[in-house]
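Step one of this worksheet: look at the structure below.
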Protein chains: 4
Amino acid sequence: MWTVGNPGRDPFGAEVRPIAKPTHLVKKLAECGAWGVNLHDNDLVPFGASASERDRIVADFKAALEDCGMVVPMATTNLFSHPIFKDGAFTANDPEVRAFALQKTMDAIDLGVELGAKIYVFWGGREGTEADACRDPRSAIARMRDSIDYLCEYVKDQRYDLVFALEAKPNEPRGDMYFPTTGHMLHFISTLANETMVGVNPEVAHENMSGLSFVHAVAQAMEAGKLFHIDLNAQKIGRYDQDLRFGSEDVKQAFLLVRLLEGTLGGERYEGPRHFDSHAYRTEDEEGVWEFARGSMRTYKILAARARAFDADPEVRGLLAAKGNGAVAELARGYTRDKAARLRKLQPDVAALGSRGLGYEKLDQLMMEHILGVRT
Amino acid sequence: MWTVGNPGRDPFGAEVRPIAKPTHLVKKLAECGAWGVNLHDNDLVPFGASASERDRIVADFKAALEDCGMVVPMATTNLFSHPIFKDGAFTANDPEVRAFALQKTMDAIDLGVELGAKIYVFWGGREGTEADACRDPRSAIARMRDSIDYLCEYVKDQRYDLVFALEAKPNEPRGDMYFPTTGHMLHFISTLANETMVGVNPEVAHENMSGLSFVHAVAQAMEAGKLFHIDLNAQKIGRYDQDLRFGSEDVKQAFLLVRLLEGTLGGERYEGPRHFDSHAYRTEDEEGVWEFARGSMRTYKILAARARAFDADPEVRGLLAAKGNGAVAELARGYTRDKAARLRKLQPDVAALGSRGLGYEKLDQLMMEHILGVRT
Amino acid sequence: MWTVGNPGRDPFGAEVRPIAKPTHLVKKLAECGAWGVNLHDNDLVPFGASASERDRIVADFKAALEDCGMVVPMATTNLFSHPIFKDGAFTANDPEVRAFALQKTMDAIDLGVELGAKIYVFWGGREGTEADACRDPRSAIARMRDSIDYLCEYVKDQRYDLVFALEAKPNEPRGDMYFPTTGHMLHFISTLANETMVGVNPEVAHENMSGLSFVHAVAQAMEAGKLFHIDLNAQKIGRYDQDLRFGSEDVKQAFLLVRLLEGTLGGERYEGPRHFDSHAYRTEDEEGVWEFARGSMRTYKILAARARAFDADPEVRGLLAAKGNGAVAELARGYTRDKAARLRKLQPDVAALGSRGLGYEKLDQLMMEHILGVRT
Amino acid sequence: MWTVGNPGRDPFGAEVRPIAKPTHLVKKLAECGAWGVNLHDNDLVPFGASASERDRIVADFKAALEDCGMVVPMATTNLFSHPIFKDGAFTANDPEVRAFALQKTMDAIDLGVELGAKIYVFWGGREGTEADACRDPRSAIARMRDSIDYLCEYVKDQRYDLVFALEAKPNEPRGDMYFPTTGHMLHFISTLANETMVGVNPEVAHENMSGLSFVHAVAQAMEAGKLFHIDLNAQKIGRYDQDLRFGSEDVKQAFLLVRLLEGTLGGERYEGPRHFDSHAYRTEDEEGVWEFARGSMRTYKILAARARAFDADPEVRGLLAAKGNGAVAELARGYTRDKAARLRKLQPDVAALGSRGLGYEKLDQLMMEHILGVRT
């Protein structure tokens, strides 16, 4: 919704596209081949709508979904646009703001569940600071924990079939946001009372803004069983949040990401939703918006095919084949006093191990040539 | 050792200062008012030294420490300089390299304990990639976990009084390093079998390289009881690892950090070592190195005094005074069905809460004026 | 206008402050001690206003200026908000857009001159690309040159007493903007037919976004006689355009800047306007906006006093005193065959020159202590 | 030389490869298909070598070149490794250092010319600061101008057939370097007495470090007739100087660059040398170094073919076809009073121009698909 319904407003300019009706967007998305649509509460129901308005809008929307055979796999709350959240929602200093954020989220969870969502995303768009003296950051962390645990209990109490996915971002719209990376968020989750029902929703652009490896972050989440949802787009390092078309920047990282998600390098495949969370350039009209949506999906598929070919390439397999002494590997894993004693007696040929070449320039060049389509 | 003994070599130029003897450095540090000295194994004992050489060097060094009344609070292993580690130590693909890294670390732990160290730092200078296809990042994470758990067991088995502090860095010397931020490292620790004996050693420069808030990262570690050690220096965002004199860049963040560590904003004070991990400009001779060491400590003390004055300033206290309804705060914490029902009936004045000003420009300007010394 | 009238809208949220009338802002600015007010055409006269509306608004505004004894030293055109400029104004592919941009600018120049402006600023907010294949960047450069030269001729033809100041920005709202730094802009100016009437308007935030030294950029402009105007604010490196209160980030660079502008280090003082181009945090109400305006000016004055004290400090003067052989300096400047022959015979003591310490750690620490107010 | 002879030393680790003899490198480069080799003076002749040593080394090297049919298109001076240059060469405060830098450069120019070089590159690796108070940046600029003009006069006086190409870098090894981008350098050149014989040598990595568009910088240099030489490699934004294999990062920018240099988008083709200035990963042995050299050249050729195909694609040509009114274009270029009067009477349909879509998502996606090799 946020993605294809985005009217192209930015800090320096007005809307360039009319705001489309949600039911229209559902139809168009279905035509593009999408199977689902995600939404913020206020993408559908305007802030402050009455109960009857809300019910009418929701009914129309459900009908449109049914017509198109679409589902709502994920829902979320907008806790960042309204001025009441200008200094945070769950971490705000004023308890009235925190209480209102909980209210709004419980309502939005009810709405999401009504629409069939199984995953609930939290992006704390205003949870941060510019004037850092305004609060002890440890209080902000504690308040966030209180709030997420509160909402976990609510979901359990309602017997909803719903998990949470938390989304990190380093900055923008706040100067510095709490839990700025997927790593910080994963750690935060490990401190929750209801840790098992909470995972992460990493976003390419958010991790790239800080110049960190998105692939490593996703791998860390997968390794911990915490990748519940993923937001695919593109972004240059060290810039405003660009939310570009997936694959349109840093195609090498995009390839490595698809390879990881699709499981072609071995290891488990990611089975959750692949969500394209981005928006078309402000130069586009509605036709351009759909070009953009189709382009995102098309590039994903091309890269998936390339990843399969790369991992099946005998030259690549040769370079990646496990070398090394299995007995030594055993000594270096699972400490016992005896293993340690034996390990300390090993006398590896340090000079030979140091001067040996690893063939990574060749490997990386092979990968580039697969990406460029000259080896398929 | 790394700090004051640094000879000023860089990728584009040769040494500018002679390499000083460790015993000389200990004496000079004592004169500067330092109470302790930290070291890498190879700062003291050269790579490949024989057992007898090692013993002689260590004996001399212990004598120098005793003469000066200095201690070695922290020790660490150099797992990054020798070519054998060029593709990682604990995460290397070759089990022989991983085994050698464990060997070297167990030796270095023995040395550290012999010198009296209570904290053992791990900085995995080569644990990362440029050619990311070379290994599944999930394997790297698993191998790191195996290694740290192995070494935890070794320490327990030896009944050493020693804890581990893991240090994150986003890149340099590798293109992308695993566990690139303190957040990622905190999460990794939460997955260890021996989680309680492992914390973090955040470094100003390493977090700043990615443009993340160092203060927030340290706060997250403190809130989780995981700040075991800290490396103080300075760094501009988005640059090579500069390791500048503490307080010489981003003095506002330095102030906020000192305020957090000293506990003047309330909350717990950090009681562990404050380690200045940086090196003098390459333009300096030995005298300049000691100016640099003294400057780091001096700025820390000035900022600590400023933090006390800021948090005692009645105008600041007025701006920071907790506002807000305690009963509402209670409803928003510790879910019960009844609390949630009552919370959902609250009708906060959303418009009023949104249009109210929070006084943060004034607060931040007051802070700047304390830093600039015009309100003391 | 843009600065104090900013209602706090951003890409993720709605306005938090009412939009004030220009005449009100003029009064308030005068109370704060400002001597002038700068404006975009559409800050005063709405886009698409009729001629009679325009005349009425301008008359009211001139009366307000006169009442308060304020002037309009600088004016500019908004060539970025309206969708017609979504792919650039002077560099747009469509000549109708370029023609409209010239029209609008000529009208705005007339307005600026009517209000008494002596400097006309150009910030090409949309002159850039995301999809770089859309035009040859060399065409964009040539079109920009055609447009600026056209407008120079217009000013000369009208016998206006007006110079142009061009403002660079690396990105946002476009992915990459043409002439992304003050350096690129200075070079562009050197290629104009009317080079002498065109200078630069560097902005702290815009240069900092790329992590470049703002002080060096301003120095390069001053050395070339091209610093016509300056925009003072604050910004962290590698982030969205923050437009923070002057001096609230990187106070060391702010100090060095004020020192350069005020001429305390020797060299010429900058005599043009010091313009605070920033906006208050979105957490503020109107009172906070004025705190922010006063804070900017106050910090500038504090730093100016500190710069004077630093440059008068005998210890600093000692460290900075020119060392070195004047006769050698003469040989190395102003080539003649004879000088070169004599220069090549010199035999400097290379080892001694290399091992000598330069005292820069001490110098920088002294500077920090002046900034922190412990040496005044 | 710097490229293929690099032994893999970095700030955190020792050499991993033996240092090869220059004559060996020449032979290997010839085998890879290179036509020329560039060098620093001290890549060939060690610092401080006697005149007879120098002559012997040069004679051997010339013989090796002749044997292999290789040329030396470009030469340069190392003004950054030796401690004497630790605070700059041409901008150093001490005139003796400046004089020595001129000496060394005149010798190196003589050597370069003897080897047949037609282009002389200047990279001022130490021309910058960490402690910015150490000198007025305007003096640094003036000293650099004096030096380059001096050397221009020397070349003219010797009647050498040689031009200069200046290379910018934002930081590393210095905290901030003067003339940090190609834009700043182009402006500096415009202020030289001998402007016509001086151009730029932009390097992918150096511009990318600041996150600026390398393609726009190269275009600005080409448009001004100042692209004399180019250094091709790859780099992630906001990191230490990586000097990666050309095309191995940001393949989209690499494509756009090759397209610009090869002239397939129209406009002039760049006819000067394409120099691969990078070094192999530290994980490689000598075989890996040659893989890396071959990979750079191979990727360049693949992208050149893709650029031709993209610019010949009818769908692309359709999207890029010049639209717009030629008569209007004429009015907007080349000011006359009459043209301006007529231009001001135009009444473009602002709303229609604003709501029109530009098709850039489609264009960019087509470009990605050409890069990925699915449209060839």
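Brief remarks on what is shown
- Some residue of the stretch A:131-143 being β-branched (Val, Ile, Thr), in contact with a Phe, Trp or Tyr (Cβ under 8 Å, 6 or more places away or on another chain) and more than 30 Å from B:GLU262 (Cα to Cα): no
- Test: residue in the stretch C:270-285 that is at pLDDT below 95 and under 30 Å from D:GLN103 (Cβ atoms): no
Listed here are the residues, each with its yes/no results for (1) modelled with pLDDT under 95; (2) assigned to a strand (DSSP E or B); (3) within 19 Å of the chain's Cα centre (by Cα).
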| position | (1), (2), (3) |
| --- | --- |
| D:VAL121 | no, yes, yes |
| D:GLY125 | no, no, yes |
| D:ARG145 | no, no, no |
| D:TYR154 | no, no, no |
| D:GLU172 | no, no, yes |
| D:PHE188 | no, no, yes |
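- The number of residues in the stretch C:260-274 being crowded, with 24+ Cβ neighbours inside 10 Å and of a type outside the set (A, V, I, L, M) comes to 0.
- Residue check, B:ALA309 within 36 Å of the chain's Cα centre (by Cα), more than 8 Å from every other protein chain (Cβ to nearest Cβ) and modelled with pLDDT under 95: no
- Residue within the stretch D:279-301 that is hydroxyl-bearing (Ser, Thr, Tyr) and either on the phi > 0 side of the Ramachandran plot or surrounded by fewer than 21 Cβ atoms within 10 Å (Cβ to Cβ) (or both) present: yes
- Residue ID - nearest to C:ARG282 (Cα to Cα), chosen from residues in the stretch A:167-188 that are within 8 Å of chain B (Cβ to nearest Cβ) and hydrophobic (A, V, I, L, M, F, W, C): A:PHE179
Okay, residues lined up against (1) touching an Asp or Glu at 6+ places or on another chain (Cβ under 6 Å); (2) under 30 Å from C:LYS323 (Cβ atoms); (3) free of Cβ contacts under 8 Å to residues at least 40 places away in the same chain:
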position: D:PRO137; (1), (2), (3): no, yes, no
position: D:ARG143; (1), (2), (3): no, yes, no
position: D:SER147; (1), (2), (3): no, yes, no
position: D:TYR154; (1), (2), (3): no, yes, no
position: D:ARG174; (1), (2), (3): no, yes, no
position: D:HIS187; (1), (2), (3): no, no, yes
position: D:ALA219; (1), (2), (3): no, no, no
position: D:MET222; (1), (2), (3): no, no, no
position: D:PHE228; (1), (2), (3): no, no, no
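- D:ILE141 vs. criteria at the interface with another protein chain (Cβ under 7 Å from one of its Cβ atoms), under 21 Å from the mean Cα position of the chain (by Cα) and either within 27 Å of D:ILE57 (Cβ to Cβ) or not in a strand (DSSP E or B) (or both): yes
- The single residue among A:ASP161, A:ASP149 that is assigned to a helix (DSSP H, G or I) and either within 8 Å of chain B (Cβ to nearest Cβ) or not β-branched (Val, Ile, Thr) (or both) turns out to be A:ASP149.
- Among the residues making up the stretch C:251-269, a single one is modelled with pLDDT under 95 and either among the aliphatic types (A, V, I, L, M) or under 23 Å from A:THR129 (Cβ atoms) (or both): C:LEU265.
- Which listed residue, of D:ALA92, D:ALA99, D:ALA133, D:ALA108, is closer than 19 Å to D:PHE228 by Cβ, at pLDDT 95 or above and either more than 9 Å from chain C (Cβ to nearest Cβ) or more than 23 Å from the chain's Cα centre (by Cα) (or both): D:ALA108
- Matching option when the condition is under 20 Å from A:GLU172 (Cα atoms) and within 25 Å of the chain's Cα centre (by Cα), among A:PRO83, A:PRO11, A:PRO73: A:PRO11
- Test: residue in the stretch D:270-282 that is within 14 Å of chain A (Cβ to nearest Cβ) and charged (D, E, K, R): yes
- Counted residues, the stretch C:16-52 - those being within 14 Å of chain A (Cβ to nearest Cβ), farther than 19 Å from C:THR105 by Cα and surrounded by 15 or more Cβ atoms within 10 Å (Cβ to Cβ): 2
- The stretch D:1-15, residues that are in contact with a Leu (Cβ under 8 Å, 6 or more places away or on another chain) and either surrounded by 17 or more Cβ atoms within 10 Å (Cβ to Cβ) or without any contact (Cβ under 8 Å) to a residue 12 or more places away in the chain (or both): D:MET1, D:VAL4, D:GLY5
- Scanning the stretch D:343-370 for residues that are closer than 21 Å to A:ARG245 by Cα and either more than 7 Å from chain A (Cβ to nearest Cβ) or not in a helix (DSSP H, G or I) (or both) yields D:ARG356, D:GLY357, D:LEU358, D:GLY359, D:LEU363, D:LEU366, D:MET367, D:GLU369, D:HIS370.
- The number of residues in the stretch A:76-89 that are over 29 Å from A:GLY36 (Cα atoms) and either modelled with pLDDT under 95 or among the aliphatic types (A, V, I, L, M) (or both) comes to 1.
- Of the residues making up the stretch D:70-110, those that are part of a helix (DSSP H, G or I), of a type in the set (A, V, I, L, M) and either closer than 15 Å to C:ALA352 by Cα or out of contact with any strand residue (DSSP E or B) (no Cβ under 7 Å at 6 or more places or on another chain) (or both) number 6.
- Residues that are more than 9 Å from chain A (Cβ to nearest Cβ) and either surrounded by 11 or more Cβ atoms within 10 Å (Cβ to Cβ) or touching a residue at least 40 places away in the same chain (Cβ under 8 Å) (or both) within the stretch B:324-342 comprise just one, B:ARG342.
- Enumeration of residues in the stretch B:219-244 that are touching a Ser or Thr at 6+ places or on another chain (Cβ under 7 Å) and within 14 Å of chain D (Cβ to nearest Cβ): B:ASN233, B:ALA234, B:ASP243, B:LEU244
- Residue in the stretch C:306-320 that is surrounded by fewer than 16 Cβ atoms within 10 Å (Cβ to Cβ) and over 30 Å from C:SER248 (Cα atoms) present: yes
- Tally of residues being part of a helix (DSSP H, G or I), more than 11 Å from the chain's Cα centre (by Cα) and within 9 Å of chain C (Cβ to nearest Cβ) across the stretch D:190-218: 4
- Residues in the stretch C:46-57 that are within 26 Å of the chain's Cα centre (by Cα) and in a helix (DSSP H, G or I): none.
- So C:ALA63, is it assigned to a helix (DSSP H, G or I) and over 25 Å from the mean Cα position of the chain (by Cα): yes
- The stretch B:1-42: number of residues that are out of contact with any helix residue (DSSP H, G or I) (no Cβ under 7 Å at 6 or more places or on another chain) and part of a helix (DSSP H, G or I): 5
- Search result, residues across the stretch B:64-77 that are in contact with a helix residue (DSSP H, G or I) (Cβ under 9 Å, 6 or more places away or on another chain) and without any contact (Cβ under 8 Å) to a residue 40 or more places away in the chain: B:GLY69
The values are calculated or read from the model by the stated rules, or taken from the named source; none is laboratory data. Keep in mind it's a predicted model, so treat the numbers as computed, not measured. FYI the Cβ positions are ideal-geometry reconstructions off the backbone, even for glycines, and counts take in every protein chain you see.
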